[in-house]
């Protein structure tokens, strides 16, 4: 059976179906219970599965993650929400010092099957601390997996994979496109493998890699250059850690050109890692310098300035053309 | 025992044996038989020997940094002994006596301090979490284990340890609050040994005692003489019973003293004076408990001599067994980060091995 859902509904459906399949899943965090989450990702879960498995907590991110560690050690599969990724810093210590390390520290005795969900990224005219793209901060930490979907279909399949993963997964959700479009997706559970990028369009002149809410902007950029006779291979990275190096290397070997587009700051960002991968794996195929188009190395501006921060389709289009003409 | 008689807001302290080993609270002598009392004493002997040997190995350059426990044996052994078989123990890092009582083999403990992660991999059925170095962070894991017990309808409880310094940390307060809100079956034990490395307990808080911190979170708190085996045992047992009966968490401050250094890396003479240390030596939990056993004809001195000799031998043999045989397997460094190694990790491992083998 198929149904037509946007990203937030697909996330809700993933939780809904998987909680039925797996009685060890518990969902908790700030406002996730009675309210169903500030973005409604967990709506109706409490009504369906009860207050024991879906509940609101005191406002303390560190303890939300810290107690999830204990729950995972004791046989449950906690799915906890950080209300915004920019609010995850109080839990940073628990995530980095324990979530990422427990399996290694105990030499495999305690793995932590848990999912930390958070809406990330800007563009929704929000207050300070509501617009951060924090994926690089977490992707450098050994022991973590970081996943970012860009479509309803991927959101559901990747979240189900995360819920079935024996290791902790940070599931960062592109809130700018939570409700941007709908897609027909299966009603039942299905998995999309973590660690695998997706080639959205095949092309032969340039590889463009992006993820999350930037994917629709890259697609708009491609529309802008439709008449330029440039064949673009667009790849949705989908998993930020571990990165699917093979798909990227294969693509650049074919196209000889590389652009990464992300919303997070430029310096030491995921784009830098991708360019290293391109250099290591496809150096001899390069026709132009591998390039990054990203957010600035600045604090994310308040709403009156945010349109300057996020790379626009026009800038993406121009950058693609600059690389192709190099 | 009745927690209500020892209100931390009145700064009362619960004691059964005073520092001379005299019974000051006759009704509260726990109903432990002679074998049990001798076992507790044997554990005290064991921890002292393990500490002494570790320190001497460290001075000989055979051991890495080590955190000694001397002075805190009653707080550790008395509390852990109140636990049932299926209960969870969530340590900080200075819980030697509790580890041993809960069945952690000395080999694991020495292996950990010797620098190999396998020390933290417990034998099957030993529900003891690995050492947690980030101060107070482990308290939240304890709360979560207890919350999972409530959800699963399991009866085991959790005993978690933290130091006096840890009570200043946000994680401590969040853990207490969550535990209270969700009635998590946890007994939080503060081993107040008066110092966080060099920082005096007086600098951590101006509260008169640390058990008072429980009051704001709506859970019972009590200060016990942490050098009194019976007081620690009774209070922990009472708190465990409460937790098991669905009455939620308890905070116990075991008022004790670290007679040694924080770790072998510091010099306590720089931050505390000899007079203070001498005063606490008189309150040594070991001397006190031994005196009680002698006074009550529980301790056979021949047994004691023989036991000491046997334990020393065992401790030395255990250390020697790991000393030349505990280098980390290279693959182990890589393979326990995820269920399956990522292609990145596999490549890094292969490259390094190939370098070692004289390849690329």
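The values are calculated or read from the model by the stated rules, or taken from the named source; none is laboratory data. Every value quoted in this text rests on a predicted model; they were computed, and no experiment measured them. Because the Cβ atoms are built from the backbone with ideal geometry, glycine has one as well, and the counts that use them run over all protein chains shown.
Brief remarks on what is shown
- Any chance residue A:55 is touching a residue at least 12 places away in the same chain (Cβ under 8 Å), under 18 Å from residue A:37 (Cα atoms) and facing chain B (nearest Cβ under 9 Å): yes
- Residue that is nearest to residue A:100 (Cα to Cα), among those in region B:305-343 that are within 12 Å of chain A (Cβ to nearest Cβ) and surrounded by 15 or more Cβ atoms within 10 Å (Cβ to Cβ): B:337
- Checked against (1) on the phi > 0 side of the Ramachandran plot; (2) surrounded by 22 or more Cβ atoms within 10 Å (Cβ to Cβ), residue A:195 passes all but condition (2).
- Qualifying residue in region B:114-123 (condition: surrounded by fewer than 23 Cβ atoms within 10 Å (Cβ to Cβ), within 25 Å of residue B:254 (Cβ to Cβ) and away from chain A (no Cβ under 14 Å)): no
- Residues of region A:77-94 that are buried (at least 24 other Cβ atoms within 10 Å of the Cβ) and under 20 Å from residue B:160 (Cα atoms): A:94 alone.
- The criterion of being in contact with a helix residue (DSSP H, G or I) (Cβ under 7 Å, 6 or more places away or on another chain), under 30 Å from residue A:130 (Cβ atoms) and buried (at least 19 other Cβ atoms within 10 Å of the Cβ) holds for residue A:264.
- Inspection of region B:248-255 identifies at least one residue that is assigned by TED's automatic domain parsing to the domain that holds residue B:178, under 20 Å from the mean Cα position of the chain (by Cα) and not in a strand (DSSP E or B).
- Test: residue in region B:93-111 that is in contact with a helix residue (DSSP H, G or I) (Cβ under 9 Å, 6 or more places away or on another chain), at the interface with another protein chain (Cβ under 10 Å from one of its Cβ atoms) and either closer than 19 Å to residue B:319 by Cα or in a strand (DSSP E or B) (or both): no
- Applying the set (1) over 16 Å from residue A:64 (Cα atoms); (2) more than 10 Å from chain B (Cβ to nearest Cβ) to residue A:101 leaves exactly one unmet item: (2).
- Check on residue A:91, more than 8 Å from every other protein chain (Cβ to nearest Cβ), within 23 Å of the chain's Cα centre (by Cα) and without any contact (Cβ under 8 Å) to a residue 60 or more places away in the chain: yes
- Residues of region B:147-185 classified as closer than 26 Å to residue B:198 by Cβ and either within 8 Å of another protein chain (Cβ to nearest Cβ) or assigned to a strand (DSSP E or B) (or both), total: 7
Residue-by-condition table, conditions (1) in contact with a strand residue (DSSP E or B) (Cβ under 7 Å, 6 or more places away or on another chain); (2) under 15 Å from residue B:141 (Cβ atoms); (3) at pLDDT 95 or above; (4) in a loop (DSSP other than H, G, I, E, B):
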| site | (1), (2), (3), (4) |
| --- | --- |
| A:107 | no, no, yes, yes |
| A:110 | no, yes, yes, yes |
| A:124 | no, no, no, yes |
| A:132 | yes, no, no, yes |
| A:136 | yes, no, yes, no |
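- The single residue among B:189, B:197, B:240 that is modelled with pLDDT under 95 and under 21 Å from the mean Cα position of the chain (by Cα) turns out to be B:197.
- When each of A:247, A:255 is tested for being closer than 22 Å to residue A:197 by Cβ, surrounded by 15 or more Cβ atoms within 10 Å (Cβ to Cβ) and more than 24 Å from the chain's Cα centre (by Cα), the lone residue that passes is A:255.
- Within region A:149-172, residues that are in the same structural domain as residue A:73 (by TED's automatic domain parsing) reach partners that are modelled with pLDDT under 95 and buried (at least 24 other Cβ atoms within 10 Å of the Cβ) with beta carbons closer than 8 Å, at six or more positions or on different chains, in the pairs A:172/A:85.
- Filter result for residue B:191 (touching a residue at least 60 places away in the same chain (Cβ under 8 Å) and either out of contact with any helix residue (DSSP H, G or I) (no Cβ under 6 Å at 6 or more places or on another chain) or under 25 Å from residue B:44 (Cβ atoms) (or both)): yes
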